[in-house]
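To keep things clear, I will list the structure first and then write my remarks on it.
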Amino acid sequence: LATVQALAHQNIANAADLPTFRDNFLSRLLALSHTHNLLARDAWLGAPLTGIINNELAPYRHDSDALVNDARVRLQGNELILAPKHALALSMAMHELATNAGKYGSLSVPEGQVTVNWTIHMQDHRPWLQLQWTETGGPAVVPPTRRGFGTRLINEGVPYELDGEVTLAFPPGGVTCTIDVPLEVAP
């Protein structure tokens, strides 16, 4: 519930009016709910990364039956089951990236694409996840003039929650985001 309270508080603080608050809050709450459903399926032991990403990108696919790749969405990486804390934090980041791509970026036009790839590497004797979000084929990117809730969630929330690093960039050809976080090793 602390997560829901934080979402409500941040949405209230950033909403221009009640309809904007309602739409943004319900959208984020639904994203959180999708991840809770994935976690509940496996007794809250973990959730598949592809399931999390697919939940957020499904509305933008040309082929709604595609599980991994279609003309608009490309996922590249071995299946990975995320611990609940990682699943929740990364699902919220994926939600913000997908929502912004749908409103302003590559997913706002029919020919736009998003590629999400991930790898595991060792750092400090621990496994780390490096996830890269790359948009192409969309309108020319204009860097935001203000830092909204989504940008703060990605840039500050994910590193805080998962003790990692995030690089969110706005080159003209498409938004890119690299998330690099240590993974919990299952007992």
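Distance between the modelled labels on THR136 and ALA169, one decimal in nanometres: 1.5 nm (7 Å Cα→Cβ projection). Calculated FRET efficiency, ALA58 and ARG126, Cβ-Cβ r, R0 30 Å, to nearest 0.05? Efficiency computed from Cβ-Cβ geometry: 0.40. Of all beta bridges that DSSP places with both ends in region 44-146, some 75 percent have antiparallel geometry.
Annotation for TYR160 and ARG22: the two label points, set 7 Å from Cα along the Cα-Cβ direction, are 2.9 nm apart.
The charge dipole of region 89-187, taken about its Cα centre with unit charges on the Cβ of Lys, Arg, Asp and Glu (plus for the first two, minus for the last two), comes to roughly 340 debye. Within the assembled protein chains, the solvent-accessible surface assigned to VAL109 is about 30 Å², based on a 1.4 Å probe. Modelled label positions at SER108 and ASN78, each set 7 Å beyond Cα in the direction of Cβ, lie 3.8 nm from each other.
The values are calculated or read from the model by the stated rules, or taken from the named source; none is laboratory data. On a predicted model such as this, the values are computed, not experimentally measured, just so you know. No Cβ is skipped: glycine too gets one built from the backbone with ideal geometry, and neighbour counts run over all protein chains shown. SASA here: full protein model, heavy atoms, side chains in, ligands and nucleic acids out. Shrake-Rupley method; radii C 1.70, N 1.55, O 1.52, S 1.80 Å.
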